[in-house]
Structures are given as C-alpha cells and as structure tokens.
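We did not get these values from a lab; they are worked out from the coordinates using the rules stated. Because the structure is predicted, anything quoted here is derived from the model rather than measured. No Cβ is skipped: glycine too gets one built from the backbone with ideal geometry, and neighbour counts run over all protein chains shown.
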Amino acid sequence: MSHADQQKSVSTPHRVVIVGGGAGGLELATRLGNKFGKRGLLQVTLVDKATTHLWKPLLHEVAAGSMDLDQHELEYMAQARWHRFQYRLGAMDGLDRQRQQIHLAPVYDEEGRELIPRRALTYDTLVIAVGSVSNDFGVPGVQQHCIALDTQTDAILFHRRLINACIRAQTQETPLVEGQLNVAIIGAGATGVELAAELHNTTRELAAYGMDRIDPERDVQLSIIEAATSILPALPEDISLAVQRQLRDLKIDLYLGERVTKVDAEGVHTDGGRLIPAQLVVWAAGIKAPDFLKEIDGLETNRVNQLVVTATLQTTRDENVFAFGDCAACPWPEQGEGQLVPPRAQAAHQQATLLAKSIVQRMHGKPLPKYRYRDFGSLVNLGKYSTVGNLMGGLNKGDLFLQGTVARIMYQSLYKMHLFALHGFTKVALDTLARMITRRTEPHVKLH
C-alpha cells in the first residue's frame with residue numbers, strides 16, 4: 001500500500017481481513033470491532049472454515065470427555081454481531097497479492113451440495129492467523145490409524161470412538177483382545193501428557209456410570225511414546241521431571257527415546273522393534289502450518305510452512321500481509337540468532353494485542369511497533385491430579401516453580417484471560433458462576 005493510499009479519507013473504511021478464528025485471530029477481530037466497528041473507520045472481516053470457536057488448549061479435555069464442547073464453544077456469527085465485525089465461512093486456499101485479494105474454497109453441506117461458491121475477498125490489510133496442524137513426518141499408517149487433535153471435529157471423533165470402544169467391551173460376550181481398550185499417544189508434548197492424565201480420570205469415571213464389566217486398572221492401558229529421552233522436551237527440566245513422576249504414579253507407560261516407524265491396526269511400531277498394542281492412537285508428535293501456505297503467491301515460508309515475518313509481524317515480501325500465532329515464523333532475537341517465538345497461546349495473545357495497535361498506526365501512515373515476546377512461563381495441566389509449571393519474571397525476576405493448587409489457578413487464569421478479551425469481565429464472571437452451579441447436577445464425564 002502506498003503512502004497516499006494510507007492517507008485516504010476516513011470516510012472510506014480500511015478493509016482488514018483476518019484469516020483464522022483461533023485464539024489470536026478472534027481476539028484481534030473482537031478488539032478492532034469493539035473500537036472501530038461502530039465508527040465505520042475499519043471494515044473488519046474474520047474468515048474461518050468452522051462455524052464455532054474453542055480455545056485450542058482445551059481440545060484434549062473434549063477428547064477425553066471431561067469437557068462438554070456445547071458449553072464452551074462460541075458461535076462466530078454471534079460474536080461478530082455482538083462486536084461489530086463481519087464473519088465469513090470458508091477456507092482460504094489462494095492469494096493474489098497484486099489485486100490484494102484472498103480466495104476462499106467452496107463450502108459444501110453435509111449432503112455434499114455446494115452451500116457457498118468459490119469467492120474472493122479484497123483487503124487493504126491482510127492478517128493470516130490460521131494456526132497449526134499436526135505434522136506426521138510421513139510416518140506410514142498415521143493418516144489411516146491415528147487421530148490428531150487439531151480441531152473440535154477431531155476431539156469429538158476421538159471421544160466417540162472411546163465411548164464406542166467401551167460400550168463394545170461392556171456388551172461383548174468374548175474376552176477382550178490385546179490392546180482393545182488401550183490408548184497410545186505419540187508425542188510427549190503438552191497435548192500428549194495432558195490428554196493421558198485426562199483419560200486416566202475419565203476412563204475410571206466411565207466405569208462408575210454402568211460400565212461395570214470394564215476394570216480400568218486391568219483392561220485400559222495408556223501409553224505415551226516419545227522420540228526424545230524425556231517428556232515435555234521443550235520445557236524446563238524441573239517441569240519435565242515433576243510431570244514424569246506424576247504420570248508414572250498413575251501407571252501410564254512411558255516409552256522414551258523410541259521413534260515411531262509405523263502405525264497399523266495392531267498398534268504402534270518403534271525403531272527398537274517394539275509393538276505397543278492399541279486400538280486407539282493419537283498423533284501429537286509435531287506441528288506445522290497448513291500446507292496451503294507453502295510459498296503462497298511468492299511469500300517466504302520455512303520448512304514447516306510458516307510465513308516468515310519481521311519484528312512488526314509483517315511478512316518479509318509484502319508489507320500489506322501480516323501473520324502471527326503458530327503459522328508465523330517470528331524472530332526471537334533475545335534467544336539467539338535464528339531462534340523463533342514458540343507456538344504458544346500466550347504468544348498469540350500478545351501478538352493480537354500488538355496488532356490491534358499496529359493496524360491503527362498503519363491507517364494513519366505511522367511507524368509500526370515491533371513485537372517482543374515476553375515469556376511468562378509454562379504450565380501443564382494434569383486434570384484433577386495436579387498442575388505443574390513455572391512462572392518467569394515478576395517480582396523476583398527469576399524462574400518460580402509451581403505445583404498443585406496455585407499452579408492450577410494460574411493455568412485456569414490463562415483461559416480466563418482469553419475469555420475476558422472476547423466477552424469482558426462481567427459476562428465471564430456470570431458464566432463462571434453458572435457453570436459452578438450446574439456442574440453439581442451433571443456427570444463429570446460426557447457419556448455420548
């Protein structure tokens with residue numbers, strides 16, 4: 001965009017198109033809509049291929065059945081109406097930088113009929129925040145035999161398969177076959193270990209709701225397989241060791257230093273010649289940006305399809321296109337040459353806050369602020385058993401290890417911060433109170 005274009009009359013709204021309604025994208029659309037939607041200075045459009053939003057770190061709870069998706073998902077259409085931005089259903093599959101347009105693939109209904117035709121959206125500023133998807137690294141059998149918890153649909157599918165497996169085991173007349181109720185989780189990052197802890201709890205809750213022929217201690221075995229020699233390899237050692245001790249106390253099998261070579265109907269095969277029997281397998285071993293981003297219309301991307309951005313979160317080859325969150329390779333110079341901001345929810349939240357200011361600066365032709373990642377620490381939630389983590393900075397300017405109730409409160413506050421950004425304090429407080437009341441009259445595990 002030229003300097004003259006940036007100085008155009010405020011009577012013509014500046015068109016901001018945000019692709020991706022995850023934690024960062026939805027927060028950014030909401031902030032901009034609240035501030036400028038009524039005044040007509042910005043025309044904010046959010047594009048997402050789904051109709052509802054859920055904070056992605058909660059997907060493992062939906063998969064395990066400890067969270068009812070219906071009570072926590074947010075309708076994009078409703079959020080857009082409440083906060084004065086536009087929502088468009090569709091998946092971006094192309095970009096024309098010369099015409100400043102994105103292309104959206106057709107949308108089909110459940111019967112396969114075209115619901116929305118292919119179309120284009122024009123932008124003055126484009127923000128890409130499509131998050132990440134699982135990276136299977138080409139391992140044979142992953143596509144056919146694993147579920148990756150990338151979306152709400154994936155989490156629901158896994159939970160349905162878990163329930164069906166339990167019902168089948170409860171009613172069949174023949175003995176269980178080896179691995180029939182076993183769950184193997186490939187990858188010992190936060191998603192993998194949090195899912196394992198939640199499943200340990202919910203499989204025991206299921207037995208209490210009439211599945212009396214299933215003995216979780218005897219019939220259900222949870223396993224985590226990790227190529228690195230420790231769990232949570234990206235986090236500090238004290239967190240890794242504390243979580244590892246908790247998982248071993250729960251008798252969850254840990255196969256560390258084992259690289260998966262194949263997944264088939266029998267289970268998971270490793271490079272050591274081991275077969276880990278499991279009928280339910282979750283792939284949580286790595287992430288990448290969606291494949292459609294790879295060098296899209298000449299933009300610079302890295303080996304995992306992330307758009308390479310500068311400190312202002314603008315892509316390196318087009319100042320009109322921004323990217324942030326998991327789909328962006330954002331420099332982290334404080335950690336050394338070539339280091340990138342980690343793909344965490346706290347980074348997306350910080351970047352959304354910065355971009356809300358950047359777009360205003362851009363409208364007025366002013367220099368853009370630079371993003372500097374602030375690492376506030378890491379927290380790993382093991383469901384009802386424990387929460388472990390560390391906080392960085394603060395009064396002591398150091399690294400504070402946390403475990404138990406305090407860590408759990410801090411973990412829950414991360415989700416509350418996201419909700420505050422979307423709804424404001426009053427609504428979140430009332431919703432929290434309502435859920436505390438209704439939780440007493442509902443089963444603690446989703447049974448269907």
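Each residue of the chain gets 163 Å³ once the volume of the Cα convex hull is shared out per residue. The helix-based estimate of mean residue ellipticity at 222 nm for the chain, built from -39,500 (n - 2.57) per DSSP H run of four or more residues and divided by its residue count, is -9500 deg cm²/dmol to the nearest 500.
Straight-line reach from Lys384: taking Cα to Cα under 27 Å and skipping same-chain neighbours fewer than 8 places apart, the lysines in range are Lys56, Lys251, Lys416, Lys427, Lys446. The Cα center of region 293-337 and the Cα center of region 199-228 differ in position by 42 Å.
With the dipole of region 123-232 worked out from charges on the C-beta (+1 for Lys and Arg, -1 for Asp and Glu) around the Cα centre, which of Thr125, Val177, His200 lies farthest toward the positive end? Value computed over the given set: Val177. I need the helices of the chain that pass two filters: whole DSSP H segments spanning 15 Å or more by Cα along the axis, and mean Kyte-Doolittle score no lower than -0.5. Going by DSSP H runs, the hits are 152-171, 190-208, 345-363, 405-423, 425-438. Annotation for Val406 and Thr353: the two label points, set 7 Å from Cα along the Cα-Cβ direction, are 2.2 nm apart. Could you check how many percent of all C-alpha pairs in region 127-202 are farther apart than 18 Å? Tail of the P(r) past 18 Å holds 52 percent of the pairs. Peptides 187-193, 225-231, 359-365, 105-111, ordered by how many other C-beta atoms sit within 10 Å of their residues on average, highest first, read 187-193, 225-231, 359-365, 105-111.
For region 1-121, the Cβ-based charge dipole about the Cα centre amounts to some 960 debye (Lys, Arg positive; Asp, Glu negative; other atoms uncharged).
Above 15 Å, the calculated P(r) of region 150-191 contains 56 percent of its Cα-Cα pairs. Thinking of region 282-375 as a set of Cα atoms, what percent of all their pairs are more than 19 Å apart? In whole percent, the long-distance tail amounts to 41. Rounded to the nearest 0.05, the FRET efficiency derived from the C-beta distance between Ala234 and Glu295 at R0 = 30 Å is 0.65.
Note on region 46-95: Cα-only Rg and Dmax are 12.9, 40 Å. On the principal axes of its alpha carbon atoms, region 84-238 extends 63, 46, 37 Å, with the longest extent given first. Rg over Rh for region 17-56 works out to 0.99, using Cα positions for both radii and the Kirkwood form for Rh. Dividing the Cα radius of gyration of region 165-307 by 2.2 N^0.38 Å, with N the residue count, gives 1.23. For region 10-128, the direction-averaged projected area of the alpha-carbon convex hull comes to 8.6 nm².
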